1. Quick check on B:E236: is it touching a Leu at 6+ places or on another chain (Cβ under 6 Å), closer than 23 Å to B:E36 by Cα and not basic (K, R)?
2. Within region A:221-232, can one find any residue that is assigned to a loop (DSSP other than H, G, I, E, B) and among the polar types (S, T, N, Q)?
3. Tell me which residues, restricted to region A:7-36, are in a strand (DSSP E or B) and either more than 7 Å from every other protein chain (Cβ to nearest Cβ) or of a type in the set (A, V, I, L, M) (or both).
4. How many residues, within region B:53-74, are more than 18 Å from B:D117 (Cα to Cα), more than 10 Å from chain A (Cβ to nearest Cβ) and out of contact with any Gly (no Cβ under 9 Å at 6 or more places or on another chain)?
5. What about B:A77, is it at the interface with another protein chain (Cβ under 10 Å from one of its Cβ atoms), outside any helix (DSSP H, G or I) and either among the β-branched types (V, I, T) or surrounded by 20 or more Cβ atoms within 10 Å (Cβ to Cβ) (or both)?
6. Tell me yes or no: at least one residue of region A:236-250 is closer than 28 Å to A:K3 by Cα, touching a strand residue (DSSP E or B) at 6+ places or on another chain (Cβ under 9 Å) and surrounded by 18 or more Cβ atoms within 10 Å (Cβ to Cβ).
7. Considering only residues that are crowded, with 20+ Cβ neighbours inside 10 Å and closer than 23 Å to B:K41 by Cβ, look in region B:169-180 and name the one that is farthest from the chain's Cα centre (by Cα).
8. For region A:142-168, which positions are closer than 19 Å to A:S60 by Cα and either touching a residue at least 60 places away in the same chain (Cβ under 8 Å) or touching a strand residue (DSSP E or B) at 6+ places or on another chain (Cβ under 7 Å) (or both)?
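The values are calculated or read from the model by the stated rules, or taken from the named source; none is laboratory data. No experiment lies behind these values; they were computed from the predicted model shown. Backbone-built Cβ (ideal geometry, glycine too); neighbour counts: all protein chains shown.
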There are 2 protein chains.
Amino acid sequence: MNKEDFFIKHISNSKYIGDDGAFIDGFVYSMDAFFENVHFKKEWMSLKQIAYKSMIVNISDAIAMNAKPKYALLSVAIPKTYTNKDLKSLTKGFKKACKEFDIKIIGGDTIQNEKLDISITIVSKTSNPIFRTGAKNGDLVCYTGTLGETRKDLEKLFKNDKISKNSKFIKPILNPEFFYHISKYVNASMDISDGLFLDLEKLSKSSKIGFEFFENISEDIGISGEEYELLFTFDEKNKEKIEKIAKKYNVKLNIFAKAINGEFKTEYKNHHFKD
Amino acid sequence: MNKEDFFIKHISNSKYIGDDGAFIDGFVYSMDAFFENVHFKKEWMSLKQIAYKSMIVNISDAIAMNAKPKYALLSVAIPKTYTNKDLKSLTKGFKKACKEFDIKIIGGDTIQNEKLDISITIVSKTSNPIFRTGAKNGDLVCYTGTLGETRKDLEKLFKNDKISKNSKFIKPILNPEFFYHISKYVNASMDISDGLFLDLEKLSKSSKIGFEFFENISEDIGISGEEYELLFTFDEKNKEKIEKIAKKYNVKLNIFAKAINGEFKTEYKNHHFKD
């Protein structure tokens, strides 16, 4: 068992843990860390891009649970060397995400630290949360968009190559309106943060299902993390309705497997570059 | 303007910011960071004590707003070198605080990092929040317990001297039941985290009042931070009721000033040892 799993196992057996966020009485609470030299290197992105992405990866969790993000709390540890201009760039990134998703920053903490370490809590609202546990035998399994680019861009960054500022590694693309629209047809969902294979393993464990793949999924696609695409399952009878809505929002659907009795495990480990 | 104030000024003009927590529709949301080499050094406390204190300083905010903490989200960055035994010690500290205050851990994030950096969000409930803005002209101003010891203990730690494991620096003492009981008589409140002088300056700014001190407050008392005692104001007519309740809960009261027209500023800077 890795340390993260060991820690989580010992900290709580709460029913709320194990999904993208915790659903309680109409609210979804989610919290993610975004730390320098763990999730990013400062050479890779501007401070505005870093702050923006730190919000987006958190907002992604809310959307994957069919919740609308409302409030954010930010814990921001800032290097002593940062100038007021640097601080302004950071606030611009946070505020850009807040504006796009209509989120209010309601609190948090600011401290001085050796490096830029951000933790964000998002409070969201939903009347119809979608969990990782809801996939049913026979469901079709689908992800949005294109997978693989993020990992390739990350490899480039490690080789000190430049990547496009439109790379999903810099600026993940979320599709909230599409997902809220199809939500009534969706049985289980999560975002793809660790890579499709690892996230399928989590979905398998949560919903107690296996997968019958329609075709082989390449490693390029399966182990690319931080994609923040949506992974979800639905009854085959809703396929056309979902495809129609996807077309309307210009979202690419990849229906790649059927949920079956069984269990899915991957041999791949967490891609995060800290390991 | 220091960097923290600069950042906060630029990040949000939200009415929710500027108190111990943000009150929205019956809930109070508060978030505090507790970082290695910023708030503690690992030689000073056991991992269990660190985790426990990281929770307590957050719970203190909820109590100071007359809210009952219900849920916690933890962002925990853990050094690679930590053993499973270390992780267990951490979880024990978190769980001890949760048990004492009947809090459920509902989520968060665990990552690998160079040092132990904790951020915690507490979700609390209250039907009668108390803000820093509520102090009225003529109010009596009071703090609980004894101030000064924490700073002395911190100085000892810097000199590599030992301190008692019962030191409030290791284990802050909160008085939730006392405060909930007197809450209906309280006009404004906050916890003492930066030191009485600095916190009085904040209270002055929030409530737009000054203070007439009944006697001189020594530097020993005024600049001792991380005390987590309660600072609050109330109408003189409620003095006896509050004193009676304090006696019942064995809480020491120090009524040291009267709120007057004016403004209070201190020449002292934030005591946190990061500076």
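1. no
2. Yes, because at least one residue in region A:221-232 is assigned to a loop (DSSP other than H, G, I, E, B) and among the polar types (S, T, N, Q).
3. Residues satisfying the conditions are A:A22, A:F23, A:I24, A:F27, A:V28, A:M31, A:A33, A:F34, A:E36.
4. Number of matching residues: 5.
5. yes
6. no
7. Applying the filter and picking the extreme gives B:I170.
8. Those that are closer than 19 Å to A:S60 by Cα and either touching a residue at least 60 places away in the same chain (Cβ under 8 Å) or touching a strand residue (DSSP E or B) at 6+ places or on another chain (Cβ under 7 Å) (or both): A:C142, A:Y143, A:T144, A:G145, A:T146, A:L147, A:G148, A:E149, A:T150, A:R151, A:K168.
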